[in-house]
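A.B. asks: Quick one: the structure is below, questions incoming.
The values are calculated or read from the model by the stated rules, or taken from the named source; none is laboratory data. Just so it is clear, the model here is predicted, and its values are computed rather than measured. Positions of Cβ are generated from backbone atoms using ideal geometry, with glycine treated the same way; all protein chains shown enter the neighbour counts. Just the protein is used for accessible areas: all its heavy atoms, side chains included, with ligands, DNA and RNA removed. Shrake-Rupley method; radii C 1.70, N 1.55, O 1.52, S 1.80 Å.
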Amino acid sequence: AQRVTQPEKLLSVFKGAPVELKCNYSYSGSPELFWYVQYSRQRLQLLLRHISRESIKGFTADLNKGETSFHLKKPFAQEEDSAMYYCALKTGANSKLTFGKGITLSVRP
Amino acid sequence: EPEVTQTPSHQVTQMGQEVILRCVPISNHLYFYWYRQILGQKVEFLVSFYNNEISEKSEIFDDQFSVERPDGSNFTLKIRSTKLEDSAMYFCASSESRNTEAFFGQGTRLTVV
């Protein structure tokens, strides 16, 4: 069965500091990985997906199959990045998403 | 920009009562989903729906749950006899296809008392 692990619940950094939100997955096949973000009082929205290989709002994430990781990174955090971030996995056969527990990112001025 | 809409935003119900949570997916989307998030826990998949039938369901989605697309726009989740442990945020989502982005609604907070 697939599983997504986000080991930390909270990351608090100062504005301008680098950010790395960790995500590890467990799945024997070829997964598709996503990061979703939920800003305060807003809906879950897709931030990025590994197959796009693009940078959104300065965030990047690289799928490392050897380490089964998909960590989200940003070199210089901004206050508006404060939100809840969820890593999610989709397997080839299904359309459902398997989510991690999420991490709260707090960027202080 | 089109959005997935859920109503109500908050529902309080007594244990044992039936509840229906409503969702209006994005109009050209063909795949529909329900997820739930118990307070402090992860977002969990409940069910996916395509071509007027359930395509996949989780262990959580037992006989107490059902989904329906009663007309061309609504997608509902019914819980027949609510339990205290059904208290959670319920999210509806839709996507154009199996492989495209799922768009989420704002959620319905269900409180069972």
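A.B. asks: Is it fair to say A:Lys9 is in contact with a Lys or Arg (Cβ under 9 Å, 6 or more places away or on another chain), surrounded by fewer than 12 Cβ atoms within 10 Å (Cβ to Cβ), closer than 27 Å to B:Ser58 by Cβ and within 14 Å of chain B (Cβ to nearest Cβ)?
C.D. replies: In short, yes.
A.B. asks: Going by what's in this entry, would B:Lys42 be described as under 24 Å from A:Gln42 (Cβ atoms) and among the basic types (Lys, Arg)?
C.D. replies: Against the criterion (under 24 Å from A:Gln42 (Cβ atoms) and among the basic types (Lys, Arg)), B:Lys42 qualifies.
A.B. asks: Consider A:Glu54 against the criteria (1) under 29 Å from B:Thr108 (Cα atoms); (2) within 14 Å of chain B (Cβ to nearest Cβ); (3) out of contact with any Pro (no Cβ under 6 Å at 6 or more places or on another chain): it satisfies all of them except one. Which criterion is unmet?
C.D. replies: (1)
A.B. asks: So in segment A:60-109, with the set limited to residues that are free of Cβ contacts under 8 Å to residues at least 12 places away in the same chain, part of a loop (DSSP other than H, G, I, E, B) and not hydrophobic (A, V, I, L, M, F, W, C), which one is most open to solvent (accessible area, probe 1.4 Å)?
C.D. replies: Per the stated criteria, the residue is A:Lys65.
A.B. asks: Of the conditions (1) part of a strand (DSSP E or B); (2) within 14 Å of another protein chain (Cβ to nearest Cβ), B:Thr76 clears all except one; give me its number.
C.D. replies: Status for B:Thr76: all satisfied but (2).
A.B. asks: To continue, here is another question. Taking A:Ser28, is it farther than 24 Å from B:Ser95 by Cβ, open to solvent by 40 Å² or more (accessible area, probe 1.4 Å) and free of Cβ contacts under 8 Å to residues at least 12 places away in the same chain? So that I can check it myself, show each step before the final result.
C.D. replies: Values: farther than 24 Å from B:Ser95 by Cβ: yes; open to solvent by 40 Å² or more (accessible area, probe 1.4 Å): yes; free of Cβ contacts under 8 Å to residues at least 12 places away in the same chain: yes.
When the stated conditions are applied, A:Ser28 passes them.
A.B. asks: Another question about this same structure. What is the one condition in (1) more than 18 Å from B:Ala102 (Cβ to Cβ); (2) within 12 Å of another protein chain (Cβ to nearest Cβ); (3) among the hydrophobic types (A, V, I, L, M, F, W, C); (4) in contact with a Leu (Cβ under 7 Å, 6 or more places away or on another chain) that B:Phe45 does not satisfy?
C.D. replies: Every listed condition holds for B:Phe45 apart from (1).
A.B. asks: Give the residue that is farthest from B:Asn52 (Cα to Cα), with candidates limited to residues of segment B:17-27 that are open to solvent by 40 Å² or more (accessible area, probe 1.4 Å) and more than 14 Å from chain A (Cβ to nearest Cβ).
C.D. replies: Within segment B:17-27, the match that is farthest from B:Asn52 (Cα to Cα) is B:Gln17.
A.B. asks: Now for a different question. Output the number of the condition that B:Ile60 fails; it satisfies all remaining conditions of (1) of a type outside the set (Gly, Ala, Ser); (2) within 14 Å of chain A (Cβ to nearest Cβ); (3) assigned to a strand (DSSP E or B); (4) closer than 17 Å to B:Leu84 by Cα.
C.D. replies: The failed condition is (3).
A.B. asks: Name the residues in segment A:32-46 that are in contact (Cβ under 8 Å) with a residue 24 or more places away in the chain and either within 9 Å of another protein chain (Cβ to nearest Cβ) or open to solvent by 10 Å² or more (accessible area, probe 1.4 Å) (or both), would you?
C.D. replies: A:Glu32, A:Phe34, A:Tyr36, A:Gln38, A:Tyr39, A:Ser40, A:Leu44, listed by residue number.
A.B. asks: Same structure again: So in segment A:80-109, with the set limited to residues that are of a type in the set (S, T, N, Q) and within 16 Å of B:Thr100 (Cα to Cα), which one is farthest from the other protein chains (Cβ to nearest Cβ)?
C.D. replies: The selected residue is A:Thr91.
A.B. asks: Okay, next question. Return the pairs, sorted by first residue and then second, in which the second residue is among the aromatic types (Phe, Trp, Tyr) and open to solvent by 70 Å² or more (accessible area, probe 1.4 Å), the first residue lies in segment A:1-16 and is under 18 Å from A:Glu80 (Cβ atoms), the beta carbons are less than 9 Å apart, and the residues are 6+ apart or on different chains.
C.D. replies: A:Lys15/A:Phe76; A:Gly16/A:Phe76
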